[in-house]
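Worksheet: the structure to be examined is printed underneath.
Since every read-out is calculated from the coordinates, none of them should be taken as a lab result. Keep in mind that this is a model prediction, so the values were computed, not measured. Cβ sites come from the backbone with ideal geometry, for glycine too, and all protein chains shown count toward neighbours.
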Amino acid sequence: MPEIKIPAALAGGAATETVTVAGTTVGEALDYHADAHGPELRDSVTEDGELKEFINVFVDGRQVQSLDYELEEDSLIRVMPAASGG
Amino acid sequence: MIRFGRSEYDRIIKHAYRGEEAEICGILGGTHEAEQSIVTSVRQAENVAEMPQMRYYIDPEEQLELTEELEANGEEVVGFYHSHPAGPTKPSETDAARATWPGRSYVIVAMDGYPFVGSWRWQNEDGFEQEIVAIE
């Protein structure tokens, strides 16, 4: 089963959290996470069905740009807010 | 409050000096708590923004690499730092528009005079909340 690793800043806890999810794409995995743990993570990552601009999502160490990105059975998804400003 | 070791504090100021006209940036590792974060490491990152005189942006893959490095060291992301080569001594509108890490510290090194180091925590809809910067 794929896993999602969520930084504490988005998990609402004190430490980075890794949870097992189901799904064959990043979007499905986020939907599964929302059903199991509440919509906070999905809402902080997506907007109008797309990835938000300043949130980075990686699958197995590679940045992905689409919720349709396909997962392997043992993929690790990492969600990481961007670091940028002026 | 955000606490720096003396050497970590000095490192971000030296980094800001080396940036000259361009903004510099990096990731602060350590322990994070709502009341007090402690910075135990400074990881410099490349500023890949298109206009580095006015913006900073850490390449996502470098950010991932540096984050995994500090996690492997038993640390977590305490926040980020960047410089304002010509001020101001507070977050800019762009900083607020792009802030994404709830509860984390955004440290600014303002260089429009002798260096000023300030820190603000991003509190989502409440915006930036200034915190005390302390040195061990």
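Remarks
- Residue within region A:23-35 that is surrounded by fewer than 17 Cβ atoms within 10 Å (Cβ to Cβ) and part of a strand (DSSP E or B) present: no
- Filtering region A:65-74 for residues that are away from chain B (no Cβ under 11 Å), free of Cβ contacts under 8 Å to residues at least 40 places away in the same chain, touching a helix residue (DSSP H, G or I) at 6+ places or on another chain (Cβ under 8 Å) and among the small types (Gly, Ala, Ser) leaves an empty set.
- Identification of strands (runs of 3 or more DSSP E) wholly contained in region B:10-96 with 2 or more residues that are more than 12 Å from every other protein chain (Cβ to nearest Cβ) and either without any contact (Cβ under 8 Å) to a residue 60 or more places away in the chain or hydroxyl-bearing (Ser, Thr, Tyr) (or both) yields B:25-31, B:37-45.
Conditions tested, residue by residue: (1) charged (D, E, K, R); (2) buried (at least 20 other Cβ atoms within 10 Å of the Cβ).
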position	(1), (2)
B:47	no, yes
B:80	no, yes
B:93	yes, no
B:111	no, yes
B:134	no, no
